[in-house]
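The values are calculated or read from the model by the stated rules, or taken from the named source; none is laboratory data. No experiment lies behind these values; they were computed from the predicted model shown. Don't worry about glycine lacking a Cβ; one is built from the backbone with ideal geometry, like all the others, and counts go over all protein chains shown.
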Amino acid sequence: MNVWKSIKIKRSFRQIKMEKFFKGSLVLIALSILVLVIAFLFTLIVQSLPSIKALGISFLFGKTWDPVANVYGTYPFLLGTLLTSFLALLISIPFSFSIAIFLGEYYPRGWFSEFLKNSIDLIAAVPSVIYGFWGLFVLAPLVRSLELKLGVTPYGIGIFTSALILAIMIIPYAASLGREMIRMVPSSLKEAAYSLGATRFEVIRNVILPYSKSGLFAGVLLSLGRALGETMAVTMVIGNTSIIPKSIFDPGNTMASVIANEFTEAASSLYLSSLIELGLVLFLVTVIINLIGKRIIKRFTAD
Amino acid sequence: MKIKSKIKSAIVAALALAVTGSITPGCNGNSGKESSSDSTSSTTSTNGDDKTLLGAGSTFVYPLFSKQFSEYNKLNGLKINYQSIGSGGGILQLTNKTVDFGDSDAPLTEEQAQKMGVPALHIPMCSGAVVISYNLPEVKDTLKLNPEVLADIFLGKITKWNDAKISAINTGVKLPATAIVIAHRSDGSGTTNIFTDYLSKINDEWKTKVGKGTAVNWPQGLGGKGNEGVAGLVKQTPGGIGYIELAYAIQNKMSFAKIQNKSGNYITPDIASTSAASNVQLPADSKIFLGNTDAANGYPISGFTWALIYKEQNYSSRSQERAQNLVKLLSWNIHDGQQYCEGLHYAPLSPAAVSIAEAILKSATFDGKPIL
């Protein structure tokens, strides 16, 4: 009896020890990510101090980016980033939601469904520089002929072309997440609706979409994050000009592509610091958009 | 409890480490660079391998350097590791003393020279031309452009190819009414520096409105990344015009314009006319932009690329042998090494440039004594 008791005590003590160790290491790893993000922000702020001091608020609203005269204003790039990302989102949403519903509800199993699912996931795996080349050599001439028909200056590249490329690149993010969400809708709910005489479309509209909307929106948010930060593909087809675009067919520039383009040869320290501040602004824009998105998701689920 | 407190203290320690780690390089922005120079200078000296030299800088000169260095390796067994990270990066690495030499397509600016603290020598390695490429499928003859027209195009004052100013200098050529679409580099680049320096020299409006630099605020046009980006834009857009490195334009069989030089001659950009551009009275330190050259047969838009080394070679406990290897290598580059230029479409140094380069190399010292 006594021996058994002591073994049992020993065992449970070891188990507790293990539990605590496991929990502790999880906390440590989670915290280290937090520390990393804070360190990013901190480094960005410190390195952009010279330009914050020299330019102040005019950095955000200035319309000229002139490295020769040391005048830096990010307004055109801020506009370019937001314009390309939201336009891309607008184009991609019908596609990604359709794919999600198709694969989640109509054909959840079978070889065709698997094939389609894998090909869509592959879209996310293609390196962005390949999208850039494809955009420059295939999409740009197509857009140019469209522009000729519309009667705008036929640049072929610009905000619209970048948004198209981005839209293709971000489809899989919202589609994959949406598909998983739709598959998670309890079949009891769906069957109840069917038994009441609902058609398939009515089930999708009144049961599946309301049930999975927070997940669908989270997927959209994920795609938006990807679109905001995309650099290589955009820089190849956006036209890289710091003139403020007047229409969506005009060339423009985004914050990420300015950084990628100009960082290597930025000679003066104010120039370098301004580019880092541009990174800081991009960081903050992403954070703000994410926070707004989180609020919206919260409101969705609270309903 | 014991374990919990242990974990707690571990977390605290990790946090402290992470925070201090992130603060120290951040807080003293500049000294971060200096501390890296300490660690790396020790690597250059402690690796003790004086048979390997390190260089970094211009991407423009990279194909030539690879060829020259591999040939030199066959002759002398000296290994040279050159990273083509861009002129700005090369200058930064030399400032940090992580490389033996840098290479830049522009002379050091005052700010850069000040950061270096000690005098650095500029040794011209070769020169390159920037050509004006255009896309007019209807036009079979080579287009001629003069400085005034060129500047007006890039300022956005001439917007159609059949503008009277262009037809006036291209008599007999039937020009289409196509709109001009300008393509420029979107990345910071020595090519842009050479081209905008030329425009600033020949046009006052350009000088005051735009100026010169590796990246400028373009009044007009689309930006493409790298020579291939600009070339792609020009090739794709009917009516496109852009500036590209000579070597790239030749290799890709692009059409480019003859440009009128200071003496009034229309010059086709090629290796001979680019070399000729540097065959003029050069300053003793060779720090000159060759744009708008005085040479009568010289192509007006060209520039040197310079290898950069410290004048006093005894720093961070370098060996004399290392310094000697470096100076000898550069001396070979400007003499025997020049034979590899033409095959790769670089313009070899003109006789005037070689003699200046040699004089500059001879001024390099080790402990105050000349090396060559």
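Among the residues making up region A:213-245, those that are closer than 19 Å to A:L139 by Cβ, more than 10 Å from every other protein chain (Cβ to nearest Cβ) and surrounded by fewer than 24 Cβ atoms within 10 Å (Cβ to Cβ) are A:R226, A:T231, A:P245.
Each row is one residue, and each column tells you yes or no for (1) of a type in the set (A, V, I, L, M); (2) in contact (Cβ under 8 Å) with a residue 24 or more places away in the chain; (3) not in a loop (DSSP other than H, G, I, E, B).
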{"site": "A:S32", "(1), (2), (3)": "no, no, yes"}
{"site": "A:V46", "(1), (2), (3)": "yes, no, yes"}
{"site": "A:L60", "(1), (2), (3)": "yes, yes, yes"}
{"site": "A:L78", "(1), (2), (3)": "yes, yes, yes"}
{"site": "A:L82", "(1), (2), (3)": "yes, yes, yes"}
{"site": "A:S92", "(1), (2), (3)": "no, yes, yes"}
{"site": "A:F97", "(1), (2), (3)": "no, yes, yes"}
{"site": "A:A100", "(1), (2), (3)": "yes, yes, yes"}
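Of everything in region A:48-57 that's within 13 Å of A:V281 (Cβ to Cβ) and either surrounded by 15 or more Cβ atoms within 10 Å (Cβ to Cβ) or aromatic (F, W, Y) (or both), which residue is farthest from the other protein chains (Cβ to nearest Cβ)? Checked region A:48-57; the qualifying residue farthest from the other protein chains (Cβ to nearest Cβ) is A:L55.
Selection of region A:61-86 for residues being under 23 Å from B:G213 (Cα atoms) and away from chain B (no Cβ under 13 Å) yields A:T74, A:Y75. Residue check: B:E205 meets all listed conditions (1) over 26 Å from the mean Cα position of the chain (by Cα); (2) over 22 Å from B:I250 (Cα atoms); (3) touching a residue at least 12 places away in the same chain (Cβ under 8 Å) but one, namely (1).
Annotation note: of A:A39, A:A30, the sole residue that is aliphatic (A, V, I, L, M), within 10 Å of chain B (Cβ to nearest Cβ), under 25 Å from the mean Cα position of the chain (by Cα) and under 29 Å from A:V220 (Cα atoms) is A:A39. Put simply, of A:A227, A:A175, A:A192, A:A233 the only residue that is among the hydrophobic types (A, V, I, L, M, F, W, C) and without any contact (Cβ under 8 Å) to a residue 40 or more places away in the chain is A:A192. Residues that are in contact with a Leu (Cβ under 9 Å, 6 or more places away or on another chain) and assigned to a loop (DSSP other than H, G, I, E, B) were ranked within region B:170-183; the one that is nearest to the other protein chains (Cβ to nearest Cβ) is B:T178.
Scanning region B:85-119 for residues that are more than 10 Å from chain A (Cβ to nearest Cβ) and basic (K, R) yields a count of 1. Listed by position, the helices (runs of 4 or more DSSP H) inside region A:108-185 whose residues that are closer than 22 Å to B:I182 by Cβ number at least 3 are A:140-150, A:159-183.
One residue alone among B:L282, B:L361 is surrounded by 19 or more Cβ atoms within 10 Å (Cβ to Cβ) and part of a helix (DSSP H, G or I), and that residue is B:L361. Examine region B:167-182 for a residue that is of a type in the set (S, T, Y) and either within 29 Å of B:K287 (Cα to Cα) or in contact with a strand residue (DSSP E or B) (Cβ under 8 Å, 6 or more places away or on another chain) (or both), and state whether such a residue exists. Yes - at least one qualifying residue is present in region B:167-182.
Yes or no, residue by residue, for (1) over 28 Å from A:G279 (Cα atoms); (2) among the basic types (K, R):
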site: A:G62; (1), (2): no, no
site: A:V68; (1), (2): no, no
site: A:L82; (1), (2): no, no
site: A:F97; (1), (2): yes, no
site: A:Y106; (1), (2): yes, no
site: A:R109; (1), (2): yes, yes
site: A:V129; (1), (2): no, no
site: A:F137; (1), (2): yes, no
site: A:P172; (1), (2): no, no
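Only one of the listed residues (A:I289, A:I248) is more than 10 Å from chain B (Cβ to nearest Cβ), under 20 Å from A:M169 (Cα atoms), part of a loop (DSSP other than H, G, I, E, B) and of a type in the set (A, V, I, L, M, F, W, C). That residue is A:I248.
Looking only at region B:158-169, residues that are away from chain A (no Cβ under 14 Å), surrounded by fewer than 16 Cβ atoms within 10 Å (Cβ to Cβ) and not aliphatic (A, V, I, L, M) come to 3 in all. Filtered by the rule that a residue be surrounded by fewer than 24 Cβ atoms within 10 Å (Cβ to Cβ) and either among the acidic types (D, E) or not in a helix (DSSP H, G or I) (or both), region B:223-239 gives B:K225, B:E228, B:P238, B:G239. Going residue by residue through region B:132-155, is there one that turns out to be surrounded by 15 or more Cβ atoms within 10 Å (Cβ to Cβ), touching a strand residue (DSSP E or B) at 6+ places or on another chain (Cβ under 8 Å) and among the charged types (D, E, K, R)? Yes, region B:132-155 has at least one match.
Within region B:272-284, residues that are polar (S, T, N, Q) reach partners that are part of a helix (DSSP H, G or I) and surrounded by 19 or more Cβ atoms within 10 Å (Cβ to Cβ) with beta carbons closer than 8 Å, at six or more positions or on different chains, in the pairs B:T274/B:L246; B:S278/B:A353; B:N279/B:A353. When only residues in region B:184-212 that are under 18 Å from B:G128 (Cβ atoms) and small (G, A, S) count, which is nearest to the other protein chains (Cβ to nearest Cβ)? Applying the filter and picking the extreme gives B:G188. Can you spot a residue in region B:76-84 that is at pLDDT below 90 and surrounded by fewer than 18 Cβ atoms within 10 Å (Cβ to Cβ)? No, the conditions are met nowhere in region B:76-84.
Residue check: A:S128 meets all listed conditions (1) surrounded by fewer than 20 Cβ atoms within 10 Å (Cβ to Cβ); (2) modelled with pLDDT under 90; (3) not aliphatic (A, V, I, L, M) but one, namely (2).
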